[in-house]
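Trainee: Dropping a structure here in structure tokens format, bear with me for questions.
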Amino acid sequence: MLTIPKPQTINWQPIIKEFEAILGKNNVVRTREDLVAYECDGLTSYKQQPALVVLPRSTQEVSQVLKVCDRYSIPFVARGAGTGLSGGALPIANCVLIVTALMKQILEVDLENQRVIVQPGVINNWVTQAVSGAGFYYAPDPSSQIICSIGGNIAENSGGVHCLKYGVTTNHVLGLKVVLPNGEIIDVGGKIPEMPGYDLTGLFVGSEGTLGITTEITLKILKTPEAVHVLLADFESVDAAASTVSDIISAGIIPAGMEMMDNMSINAVEDTIASGCYPRDAVVILLIELDGLEVDVEECSRQVEAIARNNGARDITTAIAPEHRLKLWKGRKAAFAAMGKLSPDYYVQDGVIPRTKLPLVLAEIEELGNKYGYKVANVFHAGDGNLHPLILYDNSQKGALEQVELLGGEILKLCVRVGGSISGEHGIGADKKCYMPEMFTDADLETMQWVREVFDQKNLANPGKVLPSPRTCGEGAKPSHHQLLEIPRF
Ligand SMILES: Cc1cc2nc3c(=O)[nH]c(=O)nc-3n(C[C@H](O)[C@H](O)[C@H](O)COP(=O)(O)OP(=O)(O)OC[C@H]3O[C@@H](n4cnc5c(N)ncnc54)[C@H](O)[C@@H]3O)c2cc1C
């Protein structure tokens, strides 16, 4: 097993001098007070200060930084906007955190070939903003799209509402410039869709910062559809809504997005943003977006409405005007944040199940919640069976977090049992690595480890994430919440 150097064996003074020479003094963060902002990502239950934070501006600077890390055998962790929900950008003790916040240039817009090249710190939403005037958009739209970075999206292979029809991030990435852990710069993929040789772009997308740091990304953009309709249908049972989802797909209609929210989420959203759009007494609602040519969308809209009514939908609202559509989506996009109305803390899980198992799995999640004594709200991408159970708890209660994590783990195991997966879009990170053996054999995991070592012989790139070590869910496979290691100051 490769080892990570212990904190006390590193003399940071010459390293800091080298980083300051590469990046300038202002772009090397080293005081304890300044480092607080970087000690966790969106999974706030794990915290660890890095030894240093560095803020490069270019591929060359990232390369020089990684060469220093390589020479001194210092582990590093990449961080985009820090919105990840699986602890992927959680620093490890004694690491250098490489933050891409200054790498925020849109380098090239090639409308004719529908390509955009960006630096990794560019915020997801900026890509669409840059091309929407010319009638284009970037399809992957995580709910965090106004704050999360493209570099983070690449590393997590992020999804979003529109990924049902258009696919997740990997389907929209043509090429990457990557700095390998030894500082070498490589290009994978390119501007054309089919490149000969191994699909290294596919390998890097979703690798959670364990193979190197992405510094330039070539993205595919799509033509803005001629027409868009959003339908909101409300139901008195999960079964009715789930059957609607299956029947729509069986009818050959692939909506751009198909989202489900349960009663708890509906009320939390209405309490928070008071949109007045979501019926508070519905058991569940479905939000269905259809896009394409106007004639198609109108026809599909009629068919979807008929399918929903056939399954017992109480009421259906159709939004065509952009401001009306936005209003219907606003509550869904604000759903995670709205959980603050219900509970001081929440823990969100991200599992995938076959669509047909929705009623069974949602009923079992409720039972599991009752067994552990916690309420679980559900708001998720129903079309692709990507669940987001939100477990509501109070972190000030001793032992609550541990219980909630156990409950989250049982939900993930349930997803695997019914033929699904332990992650749809949030990645594995620090949080879920101990559940990898639920899905993969030892041989599978060893193969992944080999691939990792090909790129990172010294185990410096985001060590301890994604792959469990030991290969079980026992002690040591998961970082402890109280494992905040003191880093010697310099
Ligand atoms: C309210 C809320 C809603 C969300 N909704 C969604 C959703 O709908 N769909 C979804 O998929 N996710 C969602 N997320 C999760 C999160 O926003 C995504 O995972 C996002 O892609 C993370 O981007 P980031 O810039 O914040 O990355 P970070 O959290 O900074 O990093 C994430 C991972 O990427 C690695 N990384 C970052 N930059 C690079 C780089 N340049 N090179 C190599 N590795 C890098 C990090 O090491 C880490 O492993 C949501 C989060 C929140 C808080």
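Trainee: Among the residues of the stretch 157-171 satisfying the criterion of being part of a helix (DSSP H, G or I) and under 16 Å from Thr218 (Cα atoms), which is farthest from the ligand (Cβ to nearest atom)?
Mentor: The residue in question is Asn171.
Trainee: On to the next question. If you check Lys333 against the conditions, is it touching a residue at least 24 places away in the same chain (Cβ under 8 Å) and more than 30 Å from Asp394 (Cβ to Cβ)?
Mentor: no
Trainee: Tell me which residues, restricted to the stretch 1-29, are within 31 Å of the chain's Cα centre (by Cα), outside any helix (DSSP H, G or I) and at pLDDT 95 or above.
Mentor: Val28, Val29
Trainee: Taking the condition of being touching a Lys or Arg at 6+ places or on another chain (Cβ under 8 Å) and more than 16 Å from the ligand (Cβ to nearest atom), how many residues in the stretch 421-467 meet it?
Mentor: Within the stretch 421-467, residues that are touching a Lys or Arg at 6+ places or on another chain (Cβ under 8 Å) and more than 16 Å from the ligand (Cβ to nearest atom) number 6.
Trainee: Criterion first (at pLDDT 95 or above, more than 13 Å from the ligand (Cβ to nearest atom) and not in a loop (DSSP other than H, G, I, E, B)) does Ala78 satisfy it?
Mentor: No; evaluated as a whole, the condition is false for this residue.
Trainee: Continuing with this model, one more query. Within the stretch 470-485, is there a residue that is touching a Cys at 6+ places or on another chain (Cβ under 9 Å), surrounded by 17 or more Cβ atoms within 10 Å (Cβ to Cβ) and modelled with pLDDT of 95 or more?
Mentor: The answer is no; no qualifying residue exists.
Trainee: Scan the stretch 101-112 and tell me whether some residue there is within 17 Å of Gly209 (Cα to Cα), surrounded by fewer than 24 Cβ atoms within 10 Å (Cβ to Cβ) and within 15 Å of the ligand (Cβ to nearest atom).
Mentor: Scanning the stretch 101-112, I find at least one residue that is within 17 Å of Gly209 (Cα to Cα), surrounded by fewer than 24 Cβ atoms within 10 Å (Cβ to Cβ) and within 15 Å of the ligand (Cβ to nearest atom), so the answer is yes.
Trainee: Separate question: So which of Ser86, Ser63, Ser58 ends up being within 30 Å of Lys220 (Cα to Cα), of a type in the set (Gly, Ala, Ser), in contact with a strand residue (DSSP E or B) (Cβ under 7 Å, 6 or more places away or on another chain) and within 16 Å of the ligand (Cβ to nearest atom)? Reasoning before the result, please.
Mentor: Values: Ser86 fails: in contact with a strand residue (DSSP E or B) (Cβ under 7 Å, 6 or more places away or on another chain); Ser58 fails: in contact with a strand residue (DSSP E or B) (Cβ under 7 Å, 6 or more places away or on another chain).
Of the residues listed, the single one that is within 30 Å of Lys220 (Cα to Cα), of a type in the set (Gly, Ala, Ser), in contact with a strand residue (DSSP E or B) (Cβ under 7 Å, 6 or more places away or on another chain) and within 16 Å of the ligand (Cβ to nearest atom) is Ser63.
Trainee: While we're here: I need a count of the residues in the stretch 380-420 that are in contact with a helix residue (DSSP H, G or I) (Cβ under 7 Å, 6 or more places away or on another chain), within 16 Å of the ligand (Cβ to nearest atom) and over 19 Å from Ser246 (Cβ atoms).
Mentor: 4
Trainee: Is the stretch 199-217 home to any residue that is surrounded by fewer than 23 Cβ atoms within 10 Å (Cβ to Cβ), without any contact (Cβ under 8 Å) to a residue 12 or more places away in the chain and over 28 Å from Ala338 (Cβ atoms)?
Mentor: Yes, that holds for at least one residue.
Trainee: Mind telling me which of the residues Val454, Val404, Val416 ends up being at pLDDT 95 or above, closer than 30 Å to Ile15 by Cβ and not acidic (Asp, Glu)?
Mentor: Val454
Trainee: Quickly run through the stretch 313-337 and pick out the residues that are touching a strand residue (DSSP E or B) at 6+ places or on another chain (Cβ under 6 Å), away from the ligand (no atom under 16 Å from the Cβ) and either part of a helix (DSSP H, G or I) or within 16 Å of Val161 (Cβ to Cβ) (or both).
Mentor: Selection gives Ala319, Arg325, Leu328.
Trainee: Among the numbered criteria (1) surrounded by fewer than 20 Cβ atoms within 10 Å (Cβ to Cβ); (2) within 14 Å of the ligand (Cβ to nearest atom), which one does Arg32 miss?
Mentor: Tallying (1) surrounded by fewer than 20 Cβ atoms within 10 Å (Cβ to Cβ); (2) within 14 Å of the ligand (Cβ to nearest atom), Arg32 fails exactly one: (2).
Trainee: Could you tell me whether any residue of the stretch 377-392 is surrounded by 16 or more Cβ atoms within 10 Å (Cβ to Cβ) and free of Cβ contacts under 8 Å to residues at least 40 places away in the same chain?
Mentor: Within the stretch 377-392, one or more residues are surrounded by 16 or more Cβ atoms within 10 Å (Cβ to Cβ) and free of Cβ contacts under 8 Å to residues at least 40 places away in the same chain.
Trainee: Here's another thing I want to ask about it. Given Val352, Val379, Val304, Val297, which one is under 24 Å from Asp234 (Cα atoms) and touching a Cys at 6+ places or on another chain (Cβ under 7 Å)?
Mentor: Matching residue, one of Val352, Val379, Val304, Val297: Val352.
Trainee: What is the one condition in (1) closer than 23 Å to Gly84 by Cβ; (2) without any contact (Cβ under 8 Å) to a residue 12 or more places away in the chain that Val127 does not satisfy?
Mentor: (2)
Trainee: Answer yes or no as to whether Val127 is hydrophobic (A, V, I, L, M, F, W, C), at pLDDT 95 or above, within 11 Å of the ligand (Cβ to nearest atom) and assigned to a helix (DSSP H, G or I). Talk me through it step by step, then tell me what you get.
Mentor: Details: hydrophobic (A, V, I, L, M, F, W, C): yes; at pLDDT 95 or above: yes; within 11 Å of the ligand (Cβ to nearest atom): no; assigned to a helix (DSSP H, G or I): yes.
Considered against the rule, which asks whether it is hydrophobic (A, V, I, L, M, F, W, C), at pLDDT 95 or above, within 11 Å of the ligand (Cβ to nearest atom) and assigned to a helix (DSSP H, G or I), Val127 comes out as no.
Conditions tested, residue by residue: (1) away from the ligand (no atom under 11 Å from the Cβ); (2) under 25 Å from Thr100 (Cα atoms); (3) outside any helix (DSSP H, G or I); (4) at pLDDT below 95.
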site: Ile154; (1), (2), (3), (4): no, yes, no, no
site: Leu174; (1), (2), (3), (4): yes, yes, yes, no
site: Pro196; (1), (2), (3), (4): yes, no, yes, yes
site: Thr201; (1), (2), (3), (4): yes, yes, no, no
site: Ser207; (1), (2), (3), (4): no, yes, yes, no
site: His229; (1), (2), (3), (4): yes, no, yes, no
site: Thr244; (1), (2), (3), (4): yes, no, no, no
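Trainee: I would also like to ask the following. Considering the stretch 54-75 alone, what residues qualify as being buried (at least 24 other Cβ atoms within 10 Å of the Cβ) and either assigned to a strand (DSSP E or B) or in contact with a helix residue (DSSP H, G or I) (Cβ under 7 Å, 6 or more places away or on another chain) (or both)?
Mentor: Passing the criteria: Val54, Pro56, Val65.
Trainee: Just one of (1) under 30 Å from Arg302 (Cβ atoms); (2) part of a strand (DSSP E or B); (3) within 26 Å of the chain's Cα centre (by Cα) trips up Asp187, so point out which.
Mentor: Here Asp187 clears every test but (1).
Trainee: Looking only at the stretch 130-146, count how many residues are near the ligand (Cβ under 7 Å from one of its atoms) and over 25 Å from Gly292 (Cβ atoms).
Mentor: Adding up the residues that qualify gives 1.
Trainee: Scan the stretch 192-231 for residues that are of a type outside the set (Gly, Ala, Ser) and in contact with an Asp or Glu (Cβ under 8 Å, 6 or more places away or on another chain) and report the count.
Mentor: The number of residues fulfilling the criteria is 9.
Trainee: Return the residue satisfying two criteria in turn: it lies in the stretch 414-466 and is of a type in the set (Ser, Thr, Tyr) and within 27 Å of Lys47 (Cα to Cα), and of such residues it is farthest from the chain's Cα centre (by Cα).
Mentor: It comes out as Tyr435.
Trainee: Can you tell me how many residues in the stretch 413-432 are in a helix (DSSP H, G or I) and either crowded, with 24+ Cβ neighbours inside 10 Å or touching a Ser or Thr at 6+ places or on another chain (Cβ under 7 Å) (or both)?
Mentor: Here the count works out to 1.
The values are calculated or read from the model by the stated rules, or taken from the named source; none is laboratory data. None of these values were measured; they are calculated from a predicted model. Positions of Cβ are generated from backbone atoms using ideal geometry, with glycine treated the same way; all protein chains shown enter the neighbour counts.
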